[in-house]
Every structure is written in C-alpha cells, then in structure tokens.
Amino acid sequence: KALTLSLIATALFVVGEIGIAPDRIFYFWAYDPLVHGRPWAGPIFNTWPEIAFIACDLGVSVFVVSGLASSRTMMAQLAPAERSAAFFGLYALSGRATAWLCPMLVGMATAAFASQQLGLTPIVALLLLGLLLLLRVPAPPAHTC
C-alpha cells in the first residue's frame, strides 16, 4: 500500500509541475505579479508559481524516496530467504539497465512537443505503468511477531 501511494503521489506531483508556468499555477490559476503580488522581494523564488513548483518538487522528492524504501521492503518480503541475494542483485541490475530509458523518453517528448513542461509526460506514463504492473504483484505475506 505504501508503494502504491508513493507512485500515485509522485505522479500527481509531477503533473502539478507540468502545469506550472511563469504566468499560471496548476493549469487554471492565471498569475500576474502586479495583480497577485509577490510573496517576498528576494532575488529568487519570489513569485507564487516558483514557490508552487518548488513545493511540487519537494513532494516528488519525498514520495520518490518513500517509493524506493517501500520497494526495497517489498522485495525483502517477497524474495525467498534462500534466494534473497539473487533477487536483490536482479533488483539492482534492473535499475541500472533501464537508467537510460526515462532520460531518453523525456528528451524525445521535449523535442516532439517543443516544450520542457510537456517533456515530463513520459515520467508520469512510466509511473502509471509501474503502478499497473505493481497491482498485478501478489501482496507479500503478513509477518507475525
């Protein structure tokens, strides 16, 4: 359940990031600093869209780390005790072997859409694909103390 929540929350925060631009927040809220003001007069992060983007990025960071921890915990629960080293080796290898996939897809989407914002859509697609695959994995057995 924690891993499922992490994937969903990460995808939602990335969608939030995609919807932020200098003149709007989350697709629908138009932002004009002359009308809405600035939260502070500092040199950086002095507009509400910038603060919203940082907040979404913080959410992505929290839930990605949570997802990594949850996935390792799930692997430990699913792997047979006598083969746990092999399972964790495959787990580590799968992350390294596919590390090129998301950057390549983001680059292709950025070029295709001519937009850095829409270039992030493959991240959402891969998170949702991972969620769909995760839903097919049987729940690990409950441990009793």
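The values are calculated or read from the model by the stated rules, or taken from the named source; none is laboratory data. Here the structure is a predicted model, which is why all the values come from computation and not from measurement. For neighbour counting, all protein chains shown are included, and Cβ atoms are generated from backbone atoms with ideal geometry for every residue, glycine included. We work out accessible area using only protein heavy atoms, side chains counted, and drop any ligands, DNA or RNA first. Shrake-Rupley method; radii C 1.70, N 1.55, O 1.52, S 1.80 Å.
VAL137 fails exactly one of the following numbered conditions: (1) open to solvent by 80 Å² or more (accessible area, probe 1.4 Å); (2) under 20 Å from LEU3 (Cα atoms); (3) of a type in the set (A, V, I, L, M, F, W, C); (4) not in a helix (DSSP H, G or I). What is the number of that condition?
Every listed condition holds for VAL137 apart from (1).
For ILE20, indicate whether it is over 14 Å from the mean Cα position of the chain (by Cα) and surrounded by 19 or more Cβ atoms within 10 Å (Cβ to Cβ). Before the answer, list the steps.
On the way: over 14 Å from the mean Cα position of the chain (by Cα): yes; surrounded by 19 or more Cβ atoms within 10 Å (Cβ to Cβ): yes.
So ILE20 passes the test.
Failed condition for SER70, given (1) hydroxyl-bearing (Ser, Thr, Tyr); (2) surrounded by fewer than 18 Cβ atoms within 10 Å (Cβ to Cβ); (3) under 30 Å from LEU133 (Cβ atoms), with all others met?
Condition (2) is where SER70 drops out.
Does region 31-44 include one or more residues that are among the hydroxyl-bearing types (Ser, Thr, Tyr) and in contact with an Asp or Glu (Cβ under 9 Å, 6 or more places away or on another chain)?
Yes, the conditions are met somewhere in region 31-44.
Condition check ((1) open to solvent by 60 Å² or more (accessible area, probe 1.4 Å); (2) farther than 17 Å from GLU17 by Cβ; (3) in contact with a strand residue (DSSP E or B) (Cβ under 6 Å, 6 or more places away or on another chain); (4) of a type outside the set (Ser, Thr, Tyr)) across all residues:
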residue: TYR31; (1), (2), (3), (4): no, no, yes, no
residue: PHE53; (1), (2), (3), (4): yes, no, no, yes
residue: VAL64; (1), (2), (3), (4): yes, no, no, yes
residue: TRP100; (1), (2), (3), (4): yes, yes, no, yes
residue: VAL106; (1), (2), (3), (4): no, no, no, yes
residue: PRO122; (1), (2), (3), (4): no, no, no, yes
residue: LEU133; (1), (2), (3), (4): yes, yes, no, yes
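Out of region 107-118, which residues are within 21 Å of ASP57 (Cα to Cα) and either at pLDDT 95 or above or part of a loop (DSSP other than H, G, I, E, B) (or both)?
Taking region 107-118 and keeping what is within 21 Å of ASP57 (Cα to Cα), we get 107, 109-110, 115-118.
Across region 107-118, the qualifying residues are GLY107, ALA109, THR110, SER115, GLN116, GLN117.
Could you grab me the full set of residues in region 24-64 that are more than 20 Å from THR121 (Cβ to Cβ), assigned to a loop (DSSP other than H, G, I, E, B) and either in contact with a Leu (Cβ under 8 Å, 6 or more places away or on another chain) or not hydrophobic (A, V, I, L, M, F, W, C) (or both)?
Hits for region 24-64 are TYR31, ASP32, GLY37, ARG38, PRO39, GLY42, PRO43, ASN46, THR47.
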